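**Q** Starting off with a structure, shown below.
The values are calculated or read from the model by the stated rules, or taken from the named source; none is laboratory data. Model, not experiment: these values are computed from the prediction. Glycine gets a Cβ as well: all are built from the backbone with ideal geometry, and neighbour counts include every protein chain shown.
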Amino acid sequence: MKSLMPKHSADWRAALLALALAPVALAQGTGAGGEPTKAQPVLPREALTILSQDGTRHVFQVEVAKTPAEQTAGLMFRTALAPDQGMIFPWNPPQRSQMWMQNTLIPLDMLFIGAHGTIRHIAENTVPESQAVIDSRVPVAATLEVPAGTAARLDIVVGDKVEMAMFGTAK
């Protein structure tokens, strides 16, 4: 009969540590590798306005995912997102943003925003639970996720301006 127990003491220590941390990870909504296993609590929200090129102002209340853990969980496992809500991921310093939809159950539009609050790229109608990389194509200061269809419905396009404190453009 083959034993399933680790043969080396380092393996034993790792196995015991994993068993000891498993209840903590499950309570926090993460798996053994730190991967989210459930939706994170609603994060603090801030006002964000998108100023379309025709002068129309579109106001959103967005959750701000500031920490690496909040950013990793993002909107994973959420089942709904109101039309005037979203989540923003600030990148400091600005960087090329590469997102995916693993464990994200609702389709999204992703708006990639430059350091001065200008929308640089839009990925519309992303596919739920896809592992395909969604790339900003250029360095950006933030990625904004809103319900799929929002960009088309509100005629939001590359070049529109985002007003929010983090961009120094809040009104």
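**Q** Examine segment 67-81 for a residue that is modelled with pLDDT of 95 or more, over 13 Å from the mean Cα position of the chain (by Cα) and part of a strand (DSSP E or B), and state whether such a residue exists.
**A** no
**Q** Okay, next question. Taking the condition of being outside any strand (DSSP E or B) and surrounded by 15 or more Cβ atoms within 10 Å (Cβ to Cβ), how many residues in segment 106-124 meet it?
**A** 6
**Q** Please specify each residue of segment 152-171 satisfying the condition of being farther than 16 Å from Ala47 by Cβ and crowded, with 22+ Cβ neighbours inside 10 Å.
**A** Ile156, Asp160
**Q** So which residues in segment 58-72 are touching a residue at least 40 places away in the same chain (Cβ under 8 Å) and farther than 14 Å from Leu43 by Cα, if there are any at all?
**A** His58, Phe60
**Q** Turning to a different aspect of this structure: Within segment 73-99, can you find the residues that are farther than 14 Å from Val42 by Cα and either surrounded by fewer than 16 Cβ atoms within 10 Å (Cβ to Cβ) or out of contact with any strand residue (DSSP E or B) (no Cβ under 8 Å at 6 or more places or on another chain) (or both)?
**A** Pro83, Asp84, Asn92, Pro93, Gln95, Arg96, Gln98
**Q** Does Ser136 satisfy being surrounded by 22 or more Cβ atoms within 10 Å (Cβ to Cβ) and over 22 Å from Pro44 (Cα atoms)?
**A** Considered against the rule, which asks whether it is surrounded by 22 or more Cβ atoms within 10 Å (Cβ to Cβ) and over 22 Å from Pro44 (Cα atoms), Ser136 comes out as yes.
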